[in-house]
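Enquirer: Below you will find the structure I want to go over with you.
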Amino acid sequence: MILQLSLNILTGILAYLIGSIQFGLIFGKLIRGIDIREHGSGSTGATNVGRTLGVKIATGVALIDIGKGFLIVYLFVYLLKFSDAEIPSYSMILIGSMVIIGHCWPVYYRFKGGKGVLTSLGVYLLVNPLACLIALTSFIIIATISKYVSLGSLVGGSLALIYVIISFFTSIGSSSFADILFTLFIFCVIFYRHKENIQRLIKGKENKIGNDKKP
């Protein structure tokens with residue numbers, strides 16, 4: 001029991017520390033010599049990178065942020081299998097939550113990071129692939145039609161939560177109560193991190209795809 005708890009605490013801390021690495025910020029400094037947080041929305045995520053540094057760099061950041069969420073959870077859970085302690089069902093969700101928290105509130109950068117959408121997507125690929133597909137598909141459709149990345153993210157997170165709740169109470173899919181809690185956590189993080197975007201959407205002042213303002 002003590003070994004199991006210690007391993008989960010250790011992997012959770014490591015997941016947070018690795019998740020805190022902001023590749024959007026790193027790319028901005030290496031390629032353009034700028035602090036991405038001082039431009040656009042101030043986020044280190046792929047959307048702000050795209051508006052500030054261009055689509056190609058943003059694509060790279062997006063893939064890395066998704067990979068960060070996926071690989072950290074996959075590798076840490078895989079490493080836990082080598083221990084003698086039984087791996088509890090919540091380990092994947094715990095590690096994934098810490099990665100997302102690290103990405104949004106990174107200890108290395110004064111707790112100012114990304115908005116957690118892509119990193120959450122990477123974690124979701126392991127935790128609940130079908131919910132991940134629903135969130136990704138709805139994001140693409142809404143963002144393409146409305147030209148608002150933020151709106152696509154908010155709708156995607158909302159539909160993922162609705163799906164896991166329906167899945168838990170019906171025979172559709174195989175979502176667990178832990179999936180509901182984890183999806184609710186992601187839902188709250190995404191909406192909180194997009195609070196300024198929501199205000200701009202309501203006022204009709206949100207930036208649309210293609211309105212790039214490069215330094």
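The values are calculated or read from the model by the stated rules, or taken from the named source; none is laboratory data. These numbers were taken from a predicted model, which means no experiment stands behind them. All Cβ positions, glycine included, derive from the backbone under ideal geometry; neighbour counts span all protein chains shown.
Enquirer: From the list Y90, Y74, Y16, pick out the single residue that is within 25 Å of A160 (Cα to Cα), buried (at least 20 other Cβ atoms within 10 Å of the Cβ) and not small (G, A, S).
Expert: Y16
Enquirer: Another question, then. Looking only at residues in segment 19-33 that are in contact with a helix residue (DSSP H, G or I) (Cβ under 8 Å, 6 or more places away or on another chain) and more than 14 Å from Y109 (Cβ to Cβ), which one is surrounded by the fewest Cβ atoms within 10 Å (Cβ to Cβ)?
Expert: Result: I31.
Enquirer: Looking at segment 1-13 only, could you name the residues that are of a type in the set (S, T, Y) and either without any contact (Cβ under 8 Å) to a residue 60 or more places away in the chain or surrounded by fewer than 20 Cβ atoms within 10 Å (Cβ to Cβ) (or both)?
Expert: Correct list: S6 only.
Enquirer: Looking at the structure I just gave you, is L121 within 16 Å of the chain's Cα centre (by Cα) and either without any contact (Cβ under 8 Å) to a residue 24 or more places away in the chain or not assigned by TED's automatic domain parsing to the domain that holds V61 (or both)? Quick ask: steps written out before the conclusion?
Expert: Details: within 16 Å of the chain's Cα centre (by Cα): yes; either without any contact (Cβ under 8 Å) to a residue 24 or more places away in the chain or not assigned by TED's automatic domain parsing to the domain that holds V61 (or both): no.
No; evaluated as a whole, the condition is false for this residue.
Enquirer: Within segment 179-190, count every residue that is crowded, with 16+ Cβ neighbours inside 10 Å and of a type outside the set (V, I, T).
Expert: Number of matching residues: 4.
Enquirer: Could you identify the single residue in S153, S138, S146 that is over 14 Å from the mean Cα position of the chain (by Cα) and buried (at least 19 other Cβ atoms within 10 Å of the Cβ)?
Expert: That would be S138, the only listed residue that is over 14 Å from the mean Cα position of the chain (by Cα) and buried (at least 19 other Cβ atoms within 10 Å of the Cβ).
Enquirer: Has segment 34-53 got any residue that is out of contact with any strand residue (DSSP E or B) (no Cβ under 6 Å at 6 or more places or on another chain) and more than 28 Å from E206 (Cα to Cα)?
Expert: No, every residue in segment 34-53 fails to be out of contact with any strand residue (DSSP E or B) (no Cβ under 6 Å at 6 or more places or on another chain) and more than 28 Å from E206 (Cα to Cα).
Enquirer: I need the full set of residues from segment 159-178 which are at pLDDT 90 or above and either surrounded by 15 or more Cβ atoms within 10 Å (Cβ to Cβ) or touching a Pro at 6+ places or on another chain (Cβ under 6 Å) (or both), in order please.
Expert: Residues satisfying the conditions are L159, A160, L161, Y163, V164, I165, S167, F168.
Enquirer: Are there any pairs with C-beta distances below 7 angstrom linking a residue in segment 19-38 that is in the same structural domain as F70 (by TED's automatic domain parsing) and over 14 Å from I64 (Cβ atoms) to a residue that is in a loop (DSSP other than H, G, I, E, B) and among the basic types (K, R), with the two at least 6 apart or on different chains, and if so which?
Expert: R37/K112
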